[in-house]
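Each remark here refers to the structure printed beneath this line.
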Amino acid sequence: MDHIEPFRIEISDDELADLQRRLRATRWPDPETPNDWSQGIPLAYVQEVCRYWAEEYDWRATETRLNQLDQFRTPLDGLGIHFLHLRSPHDHALPLVLTHGWPGSIVEFLKVIGPLTDPTAHGGEAADAFHLVCPTLPGYGFSDKPTEPGWNIERIARAWSQLMLRLGYERYVAQGGDWGAAVTTSIGLQDTEHCLGIHLNMPIVTPDRDTMGDLTEREQDALAGRKYYVDWDSGYSKQQSTRPQTVGYGLTDSPAGQAAWILEKFWSWTDCDGHPENVLTRDELLDNVMLYWLPKAAASSARLYWESFGRASMEEVQIPVGCSIFPKEIFRSSRRWAEKRFRQLVYWNELDRGGHFAAFERPEIFVNEVRTCFRHMRGAAN
């Protein structure tokens, strides 16, 4: 069965009342001993966010905004998948599947939907228009949760290719960061018949050993960033890739815990000058957290790490690839490292500002990167 059904988010008043009750009844830990984030997200900030969440945050406004978009669900390989499908008003728009990661969601893309689908309404050219498909990863948001092992990156990529064909897109391009970058790269490996090319804002490549005696300053910085991640920033991934079920109990039961687990990464991975609310509003941060809290997705989203973390194929990609490297990205590459894996690297740009959640943090820059990259691939779509 390949039916596509319209979807609306309809959270009950009882669910929202339960969230407020839990927030107000939070049992807090003692505060961190240093006066910084080095032990994790500070107690005072989490308490401030949770008070705001319980007393001022308006989920209904976000629900309405999401429901104004064309949302659907369809079965893919036996699992119901939620997605946005936003068609451009422009003829010859290029179909683009845009994939989020952890701890993100489709909320990351809300600020780029308009400029990507209707560029002339946002200072751009009709020639840069896209038909946009934004699927929600299995186990995340309003997609179904896998009930058996096997939903790894490669399987998700096959499902996304099936989705694009089901929507009538015989030729398309793909974009992603974080897990979305892994899914997008896998699409580029598997679906060379239909996928014209890919764009990544976190390309996963192996540093070239032949360059170790002649590293550039950026390459040295990239290696230092990888070491910092392993030493100080990867505890969440170790837990989620080995015991996702165990971590799920506390995060599913405690909204304060779920928010802290996610918001710490927005401090660490955004280009925020020390505080996530320097680059994203508190409402934006909570909109994203809600897409984990409401569907009880803490354990099911973490299972993607158990399925795929550290196991991605490093096979060479033969179709055209573009990469945008943001300075606060977790894993950064150099062009010469990337060229070893991406045999048709048609676009490469290193930005001065921005981090891991590029579309969320720097939507104008992200849109320009996506438009510029895919200009190299549009001719093949006609």
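The values are calculated or read from the model by the stated rules, or taken from the named source; none is laboratory data. Here the structure is a predicted model, which is why all the values come from computation and not from measurement. Note that each Cβ is placed from the backbone with ideal geometry, even for glycine, and that neighbours are counted across all protein chains shown. Please note that ligands, DNA and RNA were not included when accessible areas were found on the heavy atoms of the full protein model with its side chains. Shrake-Rupley method; radii C 1.70, N 1.55, O 1.52, S 1.80 Å.
Tally the residues that are buried (at least 17 other Cβ atoms within 10 Å of the Cβ), in contact with a strand residue (DSSP E or B) (Cβ under 7 Å, 6 or more places away or on another chain) and either in contact (Cβ under 8 Å) with a residue 60 or more places away in the chain or of a type in the set (A, V, I, L, M) (or both), restricting the search to segment 53-94.
Counting residues in segment 53-94 that are buried (at least 17 other Cβ atoms within 10 Å of the Cβ), in contact with a strand residue (DSSP E or B) (Cβ under 7 Å, 6 or more places away or on another chain) and either in contact (Cβ under 8 Å) with a residue 60 or more places away in the chain or of a type in the set (A, V, I, L, M) (or both) gives 12.
Can you confirm whether segment 99-108 contains a residue that is in a loop (DSSP other than H, G, I, E, B), open to solvent by 20 Å² or more (accessible area, probe 1.4 Å) and in contact (Cβ under 8 Å) with a residue 40 or more places away in the chain?
Checked against the condition, which is being in a loop (DSSP other than H, G, I, E, B), open to solvent by 20 Å² or more (accessible area, probe 1.4 Å) and in contact (Cβ under 8 Å) with a residue 40 or more places away in the chain, segment 99-108 yields no hits at all.
Restrict the check to segment 237-257 and report whether at least one residue is hydrophobic (A, V, I, L, M, F, W, C), more than 19 Å from Pro138 (Cα to Cα), in contact with a Phe, Trp or Tyr (Cβ under 9 Å, 6 or more places away or on another chain) and assigned to a helix (DSSP H, G or I).
Yes: one or more hits.
Can you name every one of the helices (runs of 4 or more DSSP H) wholly within segment 272-382 that holds 1 or more residues which are surrounded by fewer than 20 Cβ atoms within 10 Å (Cβ to Cβ)?
282-293, 298-308, 335-341, 363-374
Matching residues to (1) under 30 Å from Trp261 (Cα atoms); (2) open to solvent by 40 Å² or more (accessible area, probe 1.4 Å); (3) of a type outside the set (S, T, N, Q):
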| position | (1), (2), (3) |
| --- | --- |
| Ser186 | yes, no, no |
| Glu193 | no, yes, yes |
| Ile204 | yes, yes, yes |
| Arg209 | no, yes, yes |
| Gly213 | no, yes, yes |
| Leu223 | yes, yes, yes |
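With respect to Ala25, determine if the residue is at pLDDT 95 or above, open to solvent by 40 Å² or more (accessible area, probe 1.4 Å), of a type in the set (A, V, I, L, M) and closer than 30 Å to His122 by Cβ.
Answer is no for this residue.
For segment 250-269, indicate whether the set of residues that are under 28 Å from Asn152 (Cβ atoms) and surrounded by fewer than 17 Cβ atoms within 10 Å (Cβ to Cβ) is non-empty.
yes
Answer yes or no as to whether Arg226 is in contact (Cβ under 8 Å) with a residue 24 or more places away in the chain, among the basic types (Lys, Arg) and touching a strand residue (DSSP E or B) at 6+ places or on another chain (Cβ under 7 Å).
Answer is no for this residue.
Out of Asp36, Asp14, which single residue is free of Cβ contacts under 8 Å to residues at least 40 places away in the same chain, loosely packed, with under 11 Cβ neighbours inside 10 Å and not in a helix (DSSP H, G or I)?
The conditions single out Asp36.
Determine which single condition Gln162 fails, assuming it passes every other condition in (1) open to solvent by 20 Å² or more (accessible area, probe 1.4 Å); (2) under 28 Å from Asp283 (Cα atoms).
Result: Gln162 passes all but (2).
What is the residue count in segment 35-54 for residues that are more than 28 Å from the chain's Cα centre (by Cα) and under 19 Å from Gly235 (Cα atoms)?
0
When you go through (1) farther than 21 Å from Ala157 by Cβ; (2) over 17 Å from the mean Cα position of the chain (by Cα) one by one for Asn288, which number turns out not to apply?
In the conditions (1) farther than 21 Å from Ala157 by Cβ; (2) over 17 Å from the mean Cα position of the chain (by Cα), Asn288 misses (2) alone.
I'm checking my understanding of the structure. Among residues of segment 113-141 that are surrounded by fewer than 22 Cβ atoms within 10 Å (Cβ to Cβ) and of a type in the set (A, V, I, L, M), which one is nearest to the chain's Cα centre (by Cα)?
Here the residue is Ile113.
For segment 17-33, enumerate the residues that are of a type in the set (A, V, I, L, M, F, W, C) and either part of a loop (DSSP other than H, G, I, E, B) or under 28 Å from the mean Cα position of the chain (by Cα) (or both).
Leu19, Leu23, Ala25, Trp28
Within segment 225-249, restricting attention to residues that are under 21 Å from the mean Cα position of the chain (by Cα) and basic (Lys, Arg), which residue is surrounded by the fewest Cβ atoms within 10 Å (Cβ to Cβ)?
My answer is Lys238.
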